[in-house]
Amino acid sequence: MKNKNLHKALTLLISVVWLANGLFCKVLNLVPRHEQIVARMLGEDYSRSLTILIGLSEIIMAVWVFSKFRSKLNAITQMLVVATMNVLEYILVPDLLLWGRLNSLFALLFIGIVCYNEFVLNEKLIQQTA
């Protein structure tokens with residue numbers, strides 16, 4: 001029962017992280033730094049539109065996480081997206097990151113939580129029900 005509750009809590013947490021970053025930080029532009037990052041990396045001309053599209057993609061990711069549909073593919077996708085974006089930001093725009101290059105540590109922690117939730121906790125739950 002402990003593993004099941006932890007898995008549910010982590011799934012909700014992961015989903016909320018994607019939702020908050022997508023909706024509040026990007027779509028509603030409550031954290032303008034995100035649009036600045038997009039502008040610096042992809043150009044100013046379409047930075048607002050691209051930021052909204054990225055935000056909508058993150059909202060879709062939140063729904064996908066919460067739905068648990070093809071959860072292994074979802075976890076791998078999340079880990080690859082977070083790792084790729086953080087490597088690019090680390091190299092191209094470290095001055096715009098909230099904690100500078102230390103953002104990488106938080107990204108690594110998030111990747112670890114996603115990995116643990118899917119490939120450790122979820123596997124234990126599957127084995128318990130089998």
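The values are calculated or read from the model by the stated rules, or taken from the named source; none is laboratory data. The structure presented is a predicted model; accordingly, all values stated were derived computationally and were not measured. Methodologically, a virtual Cβ is constructed for each residue, glycine included, from the backbone with ideal geometry; neighbour enumeration extends over all protein chains shown. Ligands, DNA and RNA are excluded from the accessible area calculation, which covers all protein heavy atoms including side chains. Shrake-Rupley method; radii C 1.70, N 1.55, O 1.52, S 1.80 Å.
Before we move on, is I54 over 28 Å from L121 (Cα atoms), touching a residue at least 24 places away in the same chain (Cβ under 8 Å) and not charged (D, E, K, R)?
Here the answer is yes, as I54 does meet what is asked.
Determine whether L13 is assigned to a helix (DSSP H, G or I), more than 16 Å from L98 (Cα to Cα) and either without any contact (Cβ under 8 Å) to a residue 24 or more places away in the chain or open to solvent by 70 Å² or more (accessible area, probe 1.4 Å) (or both). I'd like the intermediate steps shown before the answer.
Details: assigned to a helix (DSSP H, G or I): yes; more than 16 Å from L98 (Cα to Cα): yes; either without any contact (Cβ under 8 Å) to a residue 24 or more places away in the chain or open to solvent by 70 Å² or more (accessible area, probe 1.4 Å) (or both): yes.
Answer is yes for this residue.
Return a yes/no flag: does the stretch 31-50 have any residue that is charged (D, E, K, R) and in contact with a Gly (Cβ under 7 Å, 6 or more places away or on another chain).
No, that holds for no residue.
Name the pairs whose Cβ atoms lie under 8 Å apart, with the first residue in the stretch 81-101 and among the basic types (K, R), the second surrounded by 15 or more Cβ atoms within 10 Å (Cβ to Cβ) and at pLDDT 95 or above, and 6 or more positions between them or separate chains?
As it stands, the answer is R101/Y90, since those pairs meet every condition given.
Do we have K4 as assigned to a helix (DSSP H, G or I), among the basic types (K, R) and at pLDDT 95 or above here?
no
Determine if the stretch 27-39 includes at least one residue that is assigned to a helix (DSSP H, G or I), open to solvent by 50 Å² or more (accessible area, probe 1.4 Å) and closer than 17 Å to L92 by Cα.
Scanning the stretch 27-39, I find at least one residue that is assigned to a helix (DSSP H, G or I), open to solvent by 50 Å² or more (accessible area, probe 1.4 Å) and closer than 17 Å to L92 by Cα, so the answer is yes.
Tell me the residue from L10, L53 that is under 18 Å from M85 (Cβ atoms) and modelled with pLDDT of 95 or more, please. Steps first, please.
Numbers: L10 fails: under 18 Å from M85 (Cβ atoms).
After applying the criteria, what remains is L53.
Can you name the residue in the stretch 64-85 that is polar (S, T, N, Q) and open to solvent by less than 30 Å² (accessible area, probe 1.4 Å) and, of all such residues, is farthest from V114 (Cα to Cα)?
N74
Grab the helices (runs of 4 or more DSSP H) fully contained in the stretch 40-130, keeping just those with 1 or more residues being more than 26 Å from L30 (Cα to Cα) and within 14 Å of the chain's Cα centre (by Cα).
71-92, 103-116
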